[in-house]
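Worksheet: the structure to be examined is printed underneath.
The values are calculated or read from the model by the stated rules, or taken from the named source; none is laboratory data. All values derive from a computational prediction rather than experimental measurement. Virtual Cβ from ideal backbone geometry, glycine too; neighbours counted across all protein chains shown. Protein only, heavy atoms only, side chains kept; ligands, DNA and RNA dropped before computing areas. Shrake-Rupley method; radii C 1.70, N 1.55, O 1.52, S 1.80 Å.
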Amino acid sequence: MAEQKSNKKYCSLAALRYGQVLYELEIPEENIEETKEIWESSADLREILENPVVSGEQKHGIIDRIFPEKIRSFLKVLTDHEKAGILEEVFQAYEERKQAAAGIITATLRYTALPTEEQKKEMEAFLCRTLHASGVNWELTKDMSLMGGFILSAGGKEYDYSVQGRLNRLEQKLTWR
């Protein structure tokens with residue numbers, strides 16, 4: 001298992017709402033992927049669509065010439081409300097919504113030593129059983145401050161099996177007496 005760095009960011013409320021709308025529009029996945037590629041590959045395009053000085057009519061013309069037909073209306077609404085700057089967040093919120101609909105949860109694993117595939121499968125089975133999920137999307141982060149062990153977070157719950165966590169719990173027990 002290779003270490004995967006998380007580039008996940010938190011989404012604004014507007015991005016979550018637009019992501020939900022994008023999901024509900026049922027635009028073909030290939031159109032969304034093509035739009036992502038176009039958006040990520042052209043800084044000039046992003047600058048123009050985010051610029052409040054450029055008229056809406058000009059932005060609509062650019063959108064009509066560059067993007068797939070089925071996503072154009074969505075992008076026009078986004079630019080009309082001056083939200084083109086959050087399009088990457090919208091794509092992230094869309095992916096999260098799509099995974100949630102498929103029963104896939106996101107789990108964050110902070111560790112000191114990379115777990116084996118067998119250990120990862122056991123953790124995945126545990127999470128699927130306890131959180132009633134069909135699969136797990138992993139975010140792995142190496143964290144030497146744990147001094148050993150790991151912390152597993154998913155579904156709003158945290159399972160702390162780190163040396164640092166155990167020391168903290170021991171300290172609490174000793175000071176409560």
Item to check | Between 0 and 90°, nearest 10: helix 87-101 axis offset from the chain longest Cα axis | outcome: 60 degrees
Item to check | Rg over Rh, two decimals, the stretch 1-101 (C-alpha only, Kirkwood Rh) | outcome: 0.98
Checklist outcome for this item: Here D for the stretch 56-132, in µm²/s, from Stokes-Einstein with a Kirkwood Rh over Cα pairs at 4 °C and 1.567 mPa s, works out to 81 µm²/s
Checklist entry - Tell me, what is the percent relative contact order of the stretch 1-153, built from C-alpha pairs under 8 Å that lie six or more residues apart? => result 32 percent
Checklist entry - Got a sec? What order do Val77, Val53 fall in by accessible area at 1.4 Å, biggest, i.e. largest, first? => result Val53, Val77
Checklist entry - Considering only DSSP states other than H, G, I, E and B, which chymotrypsin sites (Phe, Trp or Tyr not before Pro) in the stretch 1-105 qualify as loop sites with at most 10 other Cβ atoms within 10 Å? => result Tyr10
Checklist entry - Which residues make up the longest stretch of the chain clear of GluC sites (Glu not before Pro) that lie in a DSSP loop with no more than 10 other Cβ atoms within 10 Å, not counting the sites? => result 27-177
Next on the checklist: Along the charge dipole of the stretch 22-177, pointing to its positive end and built from +1/-1 on Cβ of Lys, Arg, Asp and Glu, which listed residue (Ala154, Ile86, Ile105) has its Cα farthest out?
Outcome noted: Ala154
Checklist outcome for this item: When the charge dipole of the chain is computed with +1 at the Cβ of Lys and Arg and -1 at the Cβ of Asp and Glu, the Cα pointing farthest to the positive end, of Ile27, Leu13, Ile66, is that of Leu13
Checklist entry - Ordering Tyr111, Tyr159 from largest to smallest accessible area (1.4 angstrom probe), what's the sequence? => result Tyr159, Tyr111
Checklist entry - What value, in deg cm²/dmol to 500, does the helix sum -39500 (n - 2.57) over DSSP H runs of n ≥ 4 give at 222 nm once divided by the residues of the chain? => result -17500 deg cm²/dmol
Next on the checklist: Looking only at the chain, where both bridge partners belong to it, what percent of the DSSP beta bridges are antiparallel (to the nearest 5)?
Outcome noted: 60 percent
Checklist entry - Based on the Cα coordinates of the stretch 123-177, what is the per residue volume of their convex hull in Å³? => result 95 Å³
Item to check | Solution diffusion estimate, µm²/s, Stokes-Einstein, the stretch 95-141, Kirkwood Rh from C-alpha pairs, 4 °C, viscosity 1.567 mPa s | outcome: 116 µm²/s
Item to check | By accessible area with a 1.4 Å probe, ligands and nucleic acids excluded, highest first: order of Thr130, Thr79 | outcome: Thr130, Thr79
Checklist outcome for this item: Binned at 10 Å from zero, the C-alpha pair distances of the chain give percents of 9, 28, 25, 19, 13, 5, 1, 0
Next on the checklist: So for the chain, if I pair up every lysine 8 or more residues apart or on another chain, how many of those pairs have alpha-carbons under 14 Å apart?
Outcome noted: 4
